[in-house]
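Colleague: Here it is: the structure, laid out below.
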Number of protein chains: 2
Amino acid sequence: MTARRGSRSAELPGPDRRELEALREIGRHWPSANGGRPRQRATLPVDPTPPGGAAETPDTRLGRAALVARRIVSGAPLKSTAIAGERMRKLIALPVLSSDALSSVAYGPEAMLAVLVLAGSAELGLALPLAGGIAVLMLAVGLSYRQTIRAYPQGGGSYVVASDNLGRLPGLAAAAGLLTDYVMTVAVSIASGVAAIVSAVPAAGNLTVPIGLGAIGVLLLGNIRGVREAGMAFAGPTYAFILAIGSMVVVALVQAAGHGFAASPPEHVVAVEGAGTLLVLRAFASGATAMTGIETISNAVPAFERVEWRNARRTLDWMLVLLIALFAGTVLVVHLEGIVPRAGETVLSQLARRTFGGGLLYGYVQAATALVLLMAANAAFNGFPRLLYFMAQDGHAPRMFLRMGDRLAFNNGIVVLAVAAGLVFATFDGRTNALIPLYAVGVFLAFTLSQAGMVVHWWRRPGHRRRHGIAINGTGAVLSAVVLAITTVTKFSQGAWVVVLVIPLVVVTSLRVRREYRRADSALAPRPVQPPPVATREREECPEDVRHLIVVPVDDLDLAALRALAYAASLCQPVLALHVSPDDEEAARFHRAWEAWGDHLALEVVVSPYRAVVGPLVQYVDALHRESPGLMLTVVLPELVVRHWWHRILHHGLGPRLRRSLRHQPDTVVTTVAFHLPG
Amino acid sequence: MTARRGSRSAELPGPDRRELEALREIGRHWPSANGGRPRQRATLPVDPTPPGGAAETPDTRLGRAALVARRIVSGAPLKSTAIAGERMRKLIALPVLSSDALSSVAYGPEAMLAVLVLAGSAELGLALPLAGGIAVLMLAVGLSYRQTIRAYPQGGGSYVVASDNLGRLPGLAAAAGLLTDYVMTVAVSIASGVAAIVSAVPAAGNLTVPIGLGAIGVLLLGNIRGVREAGMAFAGPTYAFILAIGSMVVVALVQAAGHGFAASPPEHVVAVEGAGTLLVLRAFASGATAMTGIETISNAVPAFERVEWRNARRTLDWMLVLLIALFAGTVLVVHLEGIVPRAGETVLSQLARRTFGGGLLYGYVQAATALVLLMAANAAFNGFPRLLYFMAQDGHAPRMFLRMGDRLAFNNGIVVLAVAAGLVFATFDGRTNALIPLYAVGVFLAFTLSQAGMVVHWWRRPGHRRRHGIAINGTGAVLSAVVLAITTVTKFSQGAWVVVLVIPLVVVTSLRVRREYRRADSALAPRPVQPPPVATREREECPEDVRHLIVVPVDDLDLAALRALAYAASLCQPVLALHVSPDDEEAARFHRAWEAWGDHLALEVVVSPYRAVVGPLVQYVDALHRESPGLMLTVVLPELVVRHWWHRILHHGLGPRLRRSLRHQPDTVVTTVAFHLPG
């Protein structure tokens, strides 16, 4: 199987007319006598109709155990046709697609306050205007994405929109931003979720990293099982979270009304920095992480019931209302209660404790928070592999991301995300506030490029909604760009520089991946043969051009070697046995055995005074090629196959090394003849 | 190449008569027409005489870089004939072979005192009688090994002597003891050497582990360069150490003579344990680690100049005198100076500081100590791979330990030792006193079994030296056994239990390795064919029995696939192309391309609804075999070969997975046809 497996999946066109023509041209040069179809088929020694295939059952014990483990982890395989019928009702879509956005209420306000408090508790009041600004931003960006939903009913991820309207490079930049953002979503959500747990159960404080990595592991396994189970089970936590935060805000407001909405003075904290513009902007940038996830619905329009775009829009409206209400409400009541961010307990936990006391309702708020954050991380596990899939379709990512697992999930992308997020999470010891500075850059880069792309989209498309679209998306683009600039500048030294480095790296890698695929595809594409077919190197598309020599490296005249020799001889082509000997004495011994056997084949003995075996063999093959260019050498290697893995250490032959060394030789085919040792 | 490569090296006999007879029998059944020698040789399309081989030059950039790196690390390759001329003069042999034994003066006395001081400084005087006892032991064991040298001039390692005289199991037990001992020698010597450095440069105190691992790395690289440079450079440190300790003892004795040999009272240390029998025995066992290395000379008799055994004996005599003098002298002057072991500075360093002050002479003592300990560790790097080589010759260890590197060093054994010693060293944070309890068990087990083996040796050999030999070796055996018992019991809970567990584990592994090799060898040994040759499965030692079908899995009709198809067709055997398709639509597209090409070969399309490719292919092959047992299936796989390693990620085909799955199928040969992508 060549690397292009997967490239011929249903989404890609079959061979084009030029390719078919080239195939026809190549086929015309095949010898009719030898390769003629009817004759060939008649000589098959066995009926080739496909036998009724049972499930794949590996032959080794380890292999069978691995299969059972895989079935337990990922469930029974799903047919490709099962991919339909994954449409979501609005009541399901809302919680599933907005868990990412809504859950950021759990860390956004806290991230903002954690910066403000550096200027002392007196400046915490600045949170109210900042939150107002962020709410305006949410509205502007949200309205922008309403436009995208209408314009891209097939799903308008930032990568698609930016590529379509702005070109390859902006598209890849948006994709790179989104990819880092997905990784950070998982890391931040899990960190914040663990913080919610630790707030309720302080004893778990030094288990942050293991708990978080365990959660990432659960998401990994769950997603490899596939998207099927996603809908139902994942809707609950979001509603529970909306209910928890909503009722908490309402109760706190009612309590505040009791004393005339007078804010409690916050616990005194000494300032360590002045309340300069930079600090305020940094607080704003930190709070803006609450905007992550707004774009999710516009990516997933095709997953809605008909009429898709209308349902998606209505869901987005609801999400925006809920997001702004919960975010602004939380900041407001945190201010009224005079809560100060501190280590060991989240702001939300403090709020819940003051509002509900420490009892059952408090526990409910914490559990709902932790769960919705887990769902938000899970949303990234849907988005990240899908984005890689789109990129791979364009040749911008390795084609392994095109491959669907047997549960219709993109396993490779899921594994990459889990590993990357796990590494980031562990590197920062799972501290939310250390992760926040890395978060927003990727998001706002993608927002900006996507909205700018929409502006170009409207520009090119005359019509009654043109000016309206340009106005809304233009506003979104400009505001996103401003936040992107603020975020990058104010958080650069806190960690944003990592993302600023990573994003161009991803873009460059994508471009190089594409270049390599284009080069490979053009090298592999069938080309018409030159009118007078000449036998050049590596041009054996015609069997009659091939001159054979079969070389069998023989170490010992044991049954494995004899089997390989017999196989080679049975192919009815010239055979040469090759023996590498450390010294003349050993060579003489080998000759004796060879003569006893009957000297049935040509034999060459090479003496290798440095005891190397692979080197002399490769040199020999090389020399044969120099002597006779175009000769097709088939190297037949006897290979011992063992039943238990640890026996492989004992019978470690030179086969793998030889195969690696020979694969770079032109016109060299390596054949492995297995000899099965009894288990 | 099968796994037996190496098993036919100069030390092992060629095929025996029964094997030659079997080969003759097998050869007789080869078809004379097809495989007849003169005819076959005439048809070779190229002259097979071995071309003058230049040095191996890999084809890839990575490969060339690796070769250059290897040459820098390990030097130019050496011919096998260079292995002669490694004989050592006594003046060189003494320091090289006794660095292990003599260097133990650096930690033996300290280990003993470190236990005694637990009973308070008042009990440190017990060191004198204990040291006397150990000196007697040294003499007894040393004399024992004089006997071994005479009886085993070919080199009488404990493994050889115990195997020869006591049988397989005791031999393996001795070998296991020695293997653990070599690992511990490296760990303890390096730990002790680093302690000598840290005593002189306290600032290096928290770099113990990095310095030690660095030293092990240096030894690893040095030994991979080969034994050539060993002699000269390695003689210096031992003489320097003898001079350093010797002169220090003499100076200290002269100083002590000045005040009538009155011992200075040691600094007061409070007792934490009573001075019971157990403690005293534990101190004795710890001090007995100074005996490690006594056996080295008897292993290396063939390395001496002629007459080997006589020169070896004389060297051993000298070593014994030096060892006993330095050991007893050190304990004596430590007692006279009233030195108490303490953390952060070794006893030897304290002694040197008191004797010479802190100046240049002090520095010289510390440097010589550190160097000789490095040499001692180096000695283990000679012994460990050589022991594994002997074990591998008997089939008791993986045959990869038979293979010599191109510098005549046993690289595999060297690497295993470096890794094991590095792990042990790092696990115990390089603390000598934590390592000591694991040390002596293996040594004294080997001593005991080796001396007991010598008793049996004399017993079986009537002659005038018989009673003399039995008496000396008997004494050595009994004393070693007593120390072994004392060591095991008193240090069991301090860490000796690890060794007590490891040794039987090594023995059992060795036995299982041997069993597997015997089974494999008997499965591979040529057997006479049954009189009427029947075509059963996996019995194709005769080419005319082979019925072929060549299967070519084709994913895409690109040039790589066309090349594989042409190769398959050119072998003039029936060919069947196989295409696995995810759905009917894709299958139709493939058929269109196939027809355009001309439908030259039989084609089967298998639809795989679960998108798996490897599974259906393996099932298909399996079904063909069930339908037609004995059919030889050759699976021809097109494979893309790339120039840069990172391109491999992009073109990751199914070849490796398919090869792994097919290797367990009987009568299945896997052939890889490379298609080289432009770099």
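FYI, it's all coordinate maths here, none of it is from the lab. Predicted, not measured: the structure shown is a model, and the values here were computed from it. Here the Cβ is made from the backbone with ideal geometry for all residues, glycine too, and neighbour counts use every protein chain on show.
Colleague: Over chain B, what relative contact order in percent results from Cα pairs under 8 Å that are six or more residues apart?
Modeller: Across chain B, relative contact order equals 21 percent.
Colleague: A follow-up question, please. Give me the distance between the Cα centres of the stretch A:191-218 and the stretch A:548-610, rounded to whole Å.
Modeller: Cα centroid to Cα centroid, the span is 64 Å.
Colleague: Exposure proxy check: A:THR49, B:THR346 ranked by fewest other beta carbons within 10 Å? Present the calculation step by step, with values, prior to reporting the outcome.
Modeller: Details: A:THR49 9, B:THR346 24.
Least to most surrounded, the residues fall as A:THR49, B:THR346.
Colleague: Okay, moving on. Under the rule of -39500 (n - 2.57) per DSSP H run of 4 or more residues, summed and divided by the residues of chain B, what mean residue ellipticity at 222 nm is obtained, to the nearest 500 deg cm²/dmol?
Modeller: My calculation for chain B gives -20500 deg cm²/dmol from helical runs alone.
Colleague: Ok, one more. Which order do peptides B:115-128, A:371-384 fall in by mean Cβ count within 10 Å, highest first? Please list the in-between numbers first.
Modeller: On the way: B:115-128: 19.6, A:371-384: 26.6.
The densest-packed peptide leads the list: A:371-384, B:115-128.
Colleague: Within the stretch A:269-361, report the trypsin sites (Lys or Arg not before Pro) that DSSP leaves as loop and that have at most 11 other Cβ atoms within 10 Å.
Modeller: A:ARG306
Colleague: To the nearest 10 degrees, how steep is helix A:584-597 against the longest Cα principal axis of chain A, on a 0 to 90 scale?
Modeller: 70
Colleague: Here's something else I'd like to know. Once you charge only the Cβ atoms, +1 for Lys and Arg and -1 for Asp and Glu, what is the size of the charge dipole of chain B about its Cα centre, to the nearest 20 debye?
Modeller: In total the dipole reaches around 2120 debye.
Colleague: While we're on this one: Measuring label to label, 7 Å along Cα→Cβ, what does B:GLU305 give against each other copy in nm, shortest first?
Modeller: Result, one decimal in nm: 10.0.
Colleague: Which of B:VAL419, B:VAL551, B:VAL254 comes first, and how do the rest follow, when ranked by fewest Cβ neighbours within 10 Å?
Modeller: B:VAL254, B:VAL419, B:VAL551
Colleague: Something else about it: Give me the percent of DSSP beta bridges within the protein assembly as shown that run antiparallel, rounded to the nearest 5.
Modeller: Counting DSSP beta bridges with both partners in the protein assembly as shown, the antiparallel share is about 10 percent.
Colleague: Next up: Fewest to most neighbouring Cβ within 10 Å: what's the order for A:LEU557, A:LEU94, B:LEU322?
Modeller: If I rank by nearby Cβ atoms, fewest first, I get B:LEU322, A:LEU94, A:LEU557.
Colleague: Full-extension gain between B:LEU278 and B:HIS644, please, as 0.36 nm times their residue separation minus the C-alpha to C-alpha distance.
Modeller: 125.3 nm
Colleague: I would also like to ask the following. Just flag the chymotrypsin sites (Phe, Trp or Tyr not before Pro) in the stretch A:414-462 sitting in loop per DSSP whose Cβ has no more than 11 other Cβ atoms within 10 Å.
Modeller: Hits after loop and neighbour filter: nothing returned.
Colleague: State the extension gain, in nm to one decimal, for the chain segment bounded by A:ASP16 and A:ARG515, taking 0.36 nm per residue of separation less the distance between their alpha-carbons.
Modeller: Taking 0.36 nm per residue and subtracting the Cα distance, the gain is 177.6 nm.
Colleague: Sticking with this structure for a sec: Suppose R0 equals 60 Å; then what is the FRET efficiency for B:VAL136 and A:VAL250 from their Cβ-Cβ distance, rounded to the nearest 0.05?
Modeller: On the way: r = 91 Å, r/R0 = 1.51.
Once rounded, the FRET efficiency stands at 0.10.
Colleague: Can you list, shortest first in nanometers, how far A:LEU511 lies from the same residue in the other copies, with each label 7 Å from Cα toward Cβ?
Modeller: The projected label point of A:LEU511 is separated from its counterparts by 6.6 nm.
Colleague: Something else about it: Nearest to the axis that maps chain A onto chain B: list the chain A residue whose Cβ wins, with the distance in whole angstrom.
Modeller: Spelled out, residue of A and its Cβ distance from the axis onto B: A:THR671, 2.
Colleague: Say a paramagnetic label sat at a point 7 Å from the Cα of A:ALA485, along Cα to Cβ; which residues of the stretch A:492-514 have their backbone N under 17 Å from it?
Modeller: A:492
Colleague: Do you know the relative contact order of the stretch B:328-475, to the nearest whole percent, from alpha carbon pairs under 8 angstrom that are 6+ apart?
Modeller: Rounded, it is 10 percent for the stretch B:328-475.
Colleague: Distances from A:VAL321 to the same residue in each other copy, label points 7 Å out along Cα→Cβ, in nm, shortest first?
Modeller: Between copies, matching label points for A:VAL321 lie 10.4 nm apart.
Colleague: Which one of A:VAL321, A:GLY615, A:HIS396 is farthest out on the positive end of the charge dipole of chain A, using unit charges on Cβ (Lys, Arg +1; Asp, Glu -1) and the Cα centre as origin?
Modeller: A:VAL321
Colleague: Another question about this same structure. Counting other C-beta atoms within 10 Å, and keeping those with at most 15, which DSSP coil trypsin sites (Lys or Arg not before Pro) do you find in the stretch A:603-647?
Modeller: Details: sites: A:ARG611, A:ARG626, A:ARG643; in loops: A:ARG611, A:ARG643.
Those that pass, being in a loop and sparsely packed, are A:ARG643.
Colleague: About the Cα centre, and with charges only on the beta carbon of Lys, Arg (+1) and Asp, Glu (-1), how big is the dipole of the stretch B:543-676? Nearest 20 debye, please.
Modeller: Value, rounded to 20: 620 debye.
Colleague: If you don't mind, another one. Tally Lys and Arg at +1 and Asp and Glu at -1 over the other residues with C-beta under 9 Å from the C-beta of A:VAL642: what net charge comes out?
Modeller: +1
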